[in-house]
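Q: Sharing a structure, written as structure tokens. Questions coming.
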Amino acid sequence: MDNGLVRTDGTPAGQDRAVERGTAAEAGGPVIRVRGLVTRFGPQTVHDGLDLDVRRGEVLGVVGGSGTGKSVLLKEILGLIRPAAGRIEMLGRDTVDLSERERVALQSRTGVLFQNGALFSSLTVAENVMLPLREHSDLPDSLIAEIARVKIAMAGLPPDAGAKHPSQLSGGMIKRAGLARALALDPDILFLDEPTAGLDPIGAAAFDQLIRGLQRSLGLTVFMVTHDLDSLVSICDRIAVLIDKRIRVGTLDQHLADPHPWIHDYFHGPRGRAARHAED
Ligand SMILES: Nc1ncnc2c1ncn2[C@@H]1O[C@H](COP(=O)(O)OP(=O)(O)OP(=O)(O)O)[C@@H](O)[C@H]1O
């Protein structure tokens, strides 16, 4: 991560990394840039001319009705699904037309927490966290094990969780183990798909604060698909609403003033009101 040092020419040392690893656009522009995205499955059009910029260092919440294409958008940005048309750039690279080698390189700069944690059930938590380090680095095993221990602690798990299998963990601990794995490679961008789904309200609030704390201390950009209004209100800098096959992005206040019927009902409905008042 950026060590915060300032070089003799006055530029922050972290800028070296951005220029080394990407283009000039990467240094200052959005970390994710989507333009004219069209997604089709057979006769169904899911996205139709969708544009989105994700800014460096923000927590962006992505919401929308069921089936509006939030998870598909996440997978398209990661290069796992190919759109019918449009451009997607992540960290200055076009993710639609990457070679396999480039895709693996870009993958190493992103961490993903899928809805169910997506851990390998036959491996321990520590082995799950070590997996991406083994795939993407040639560090010695002793160092990989040490890094895994640090990531497990960063995700708020006790040290003995590393030796456990996913089946021995609660739902909240599985999320944290998935988060530890997503952080394994010191990603620039963290993708979260419904991170608080299935957690009780106290567990969900604790997970939200963990994400916010990590995002601030590590300088992460967070792209979070969620249905959780509490998460939107408490940790998101901006909210992207998938509506009418496109995206409207803005702050909570901007969405509160949006007269679109779905957006109005979503943010002004009883759950939206309760989440806002809980934050006051
Ligand atoms: N591989 C696929 N093949 C065919 N249709 C798909 C595929 N993946 C997604 N879809 C369809 O695309 C639409 C968007 O799916 P997606 O999972 O992105 O929705 P979502 O907004 O994440 O919904 P939810 O909030 O219910 O999880 C849905 O109608 C879904 O059935």
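The numbers here are math on the coordinates, done by the rules we state, and not lab data. What you see is a predicted model, and the numbers here were worked out from it, not measured in a lab. Positions of Cβ are backbone-derived with ideal geometry, glycine not excepted, and every protein chain shown enters the neighbour counts.
Q: Any idea what % of Cα-Cα pairs in the chain are farther than 26 Å?
A: Of the Cα pairs, 46 percent sit more than 26 Å apart.
Q: Another question about this same structure. Gaussian network model of the chain, Cα springs within a sub-10 Å range: biggest mean-square fluctuation belongs to which of ARG134, ARG181, ARG82?
A: Per the Cα network of the chain with a 10 Å cutoff, ARG134 tops the list.
Q: How big is the antiparallel share of DSSP beta bridges in the chain, given as a percent to the nearest 5?
A: Around 55 percent of the beta bridges assigned by DSSP in the chain are antiparallel ones.
Q: Between ARG40 and ASP258, what's the calculated FRET efficiency when r is the beta-carbon distance and R0 is 35 Å? Round to 0.05.
A: Computed FRET efficiency for ARG40 and ASP258: 0.80.
Q: In nm, what is the difference between 0.36 nm times the number of residues separating ARG103 and SER170 and their Cα-Cα distance?
A: Contour length minus Cα-Cα distance gives 20.8 nm.
Q: Report, ordered by chain and residue number, the lysines lying within cross-link reach of LYS151, taken as a straight Cα distance under 26 Å and ignoring same-chain residues fewer than 8 apart.
A: LYS75, LYS164, LYS175
Q: Between region 70-114 and region 133-174, what is the C-alpha centre distance in whole Å?
A: One Cα centre to the other: 25 Å.
Q: Further question on the same structure: Can you compute the modelled spin-label distance between ASP237 and ASP51, with each label point 7 Å from Cα toward Cβ, in nm?
A: Taking the simple label geometry, ASP237 and ASP51 are separated by 2.0 nm.
Q: With the crude spin-label approximation of a point 7 Å out along Cα→Cβ, what separation in nm comes out for PHE120 versus ALA85?
A: A separation of 4.2 nm, rounded to one decimal place.
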